Amino acid sequence: MRRENSDKLYTKAKSLFPGGVNSPVRAFKSVKGDPVFIDRGNGSRIWDVDGNEYIDFCCSWGPLILGHNNTVVRDHIVATLDKGTSFGAPTALENELGDLIVSNNRFIEKIRFVNSGTEAVMSAIRLARGFTGKNKILKFEGCYHGHMDALLVSAGSGLVTLGNSSSAGIPEAYVNETLVAPLNNREAVEEAIKDHGHDLACIIIEPIPANNGLLIQDIEYLEFLRKITKENNILLIFDEVISGFRVGFEGAAGLYNIQPDILTYGKIIGGGLPVGAYASSAEIMGQIAPDGPVYQAGTLSGNPVAMSAGIATLKECLKPNFYSDLEKKTKKYIGQIVEGIDVEKGFHIQQIGSIYWLAFSSNRVTKASEIEAEKMSFFKKLYEIVLDNGVYMGPSGYEVGFVSSAHSEEDLTKAAQVLNNAIMQALDNEQ
Ligand SMILES: *Cc1c(COP(=O)(O)O)cnc(C)c1O
């Protein structure tokens, strides 16, 4: 595949942006080659600036559950654009999206729109601290919650540790308020609560961790978190920025039937435009300004154009069988990818709903520490082959893939063949 125009744009971009990109994972640091610059997308396909066509499983990192440039979504955006782009005053569109979400979700009573997943989580943490009057938070190794200071932390050595900041520029005082525990491990949480429960405002988890592989947790573990937090006056936050509207309209809370205290959303909620949200009971949300003392605001929050993309997208998601069809398609696709590949060779796929992850391991992986970094060489090898054969995925072995409603059976069969071949080649080459 020739990518001369991409290469030229990347050279220019490097003179303008750190690493040539506006978000680091786009920079192809974990795979060979340079970023592909995209010109346009339609349905399951994207085309790069050199005219190469790809079946896309990145789907803008999750938001595009209807695929690219869905006509219903586009028409709704265009109709809204005709009336202007932003007012900084309430519009009916905010009510419409809010109502669509709240009246179809048993786990929330009130919601607040923001502009990204990071902002949603940041606000949810402030709310948890404001509501409980406590300071510390607990997160899990292998969960990503956006780039707020207190959550850019990784575990030290030990079962539960104070976070080590995983980015420069974060005062130690901030990370000292964050505890980090391994996923799917009860003792770690019990220990943290024993030592710090009196000052622990919340436990935050991706109920379906999907930012560092797809580390599907035991439902009993999530139920345990619910129980122990409730018993100790600690709020449980489900960060559903990926899983919300993805594994079902009610996200992981609905799938597992677990009531968290605060939920955060992003990605799909904006239908491809920048929207995030946090939601909770009317009582807890009553703490938020202007009703309560926890301040949170946004010049462009509830932006009408973004709201209209969210409304059109979520209405499609609410149609009968939307999620079951998507899952059925995904399962068939996964079956085709792994056909003839022996698990004993060290490969399987972890999947839930329309999210999947290529796991270079023979065993189920539920913790960050179980991912073997050296196995990413397989992904690197595979990625090059896959990309050259017209399948686009997030350029890192730690990233998951997404199937959209726009992926046809033919698309999936074709992509599965490409992946199947590439995986076999990658595994064989290494042995
Ligand atoms: C993507 C993501 C975020 C961050 O959202 P942004 O919109 O990128 O700021 C937070 N939490 C989870 C679980 C995510 O997947």
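The values are calculated or read from the model by the stated rules, or taken from the named source; none is laboratory data. Small disclaimer: the values here were computed from a predicted structure and weren't measured. With ideal geometry, Cβ positions are generated from the backbone for all residues, glycine too; neighbour counts draw on all protein chains shown. For the accessible areas, the whole protein counts, side chains as well, though only heavy atoms, and no ligand, DNA or RNA atoms are used. Shrake-Rupley method; radii C 1.70, N 1.55, O 1.52, S 1.80 Å.
Below is a table of values for the structure above.
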{"quantity": "Estimated vicinal HN-Hα couplings, Hz - region 406-417 in sequence order (Karplus 6.51, -1.76, 1.60; Gly, Pro = x)", "calculated": "7, 6, 7, 4, 5, 4, 5, 5, 5, 5, 4, 4"}
{"quantity": "Residue among A120, A79, A312 with the largest mean-square fluctuation in a Gaussian network model of the chain, springs linking Cα atoms under 10 Å", "calculated": "A79"}
{"quantity": "H198 paired with S166, simple spin-label distance in nm, labels 7 Å along Cα-to-beta-carbon", "calculated": "3.1 nm"}
{"quantity": "Surface per residue (accessible, 1.4 Å probe) for region 190-280, Å²", "calculated": "28 Å²"}
{"quantity": "Sequence ranges 167-174, 88-95, 268-275, ranked by mean other-Cβ count within 10 angstrom, highest first", "calculated": "268-275, 88-95, 167-174"}
{"quantity": "The chain - percent of accessible surface contributed by carbon and sulfur, probe 1.4 Å", "calculated": "49 percent"}
{"quantity": "Beta bridge orientation in the chain: antiparallel %, DSSP, nearest 5", "calculated": "60 percent"}
{"quantity": "Selected from E410, E399, E223 as most flexible by GNM, with the chain as the system and alpha-carbon contacts under 10 Å", "calculated": "E410"}
{"quantity": "Cα convex hull volume per residue for the chain (Å³)", "calculated": "146 Å³"}
{"quantity": "Cα gyration tensor shape for region 168-291, rounded if a/c is under 1.5, else prolate or oblate", "calculated": "rounded"}
{"quantity": "Calculated log₁₀ intensity ratio I(q)/I(0) where the Debye formula runs over C-alpha points of region 207-252, q = 0.19, 0.21, 0.24, 0.25 Å⁻¹", "calculated": "-0.66, -0.77, -0.93, -0.97"}
{"quantity": "Helix-only CD estimate at 222 nm, as mean residue ellipticity for the chain, using -39500 (n - 2.57) per DSSP H run (n ≥ 4)", "calculated": "-11000 deg cm²/dmol"}
{"quantity": "For the chain, the longest site-free run once trypsin sites (Lys or Arg not before Pro) in DSSP loop states with at most 15 other Cβ atoms within 10 Å are removed", "calculated": "107-363"}
{"quantity": "Under-5 Å amide H pairs with S405, H placed in peptide plane, nonlocal only", "calculated": "L66, G67"}
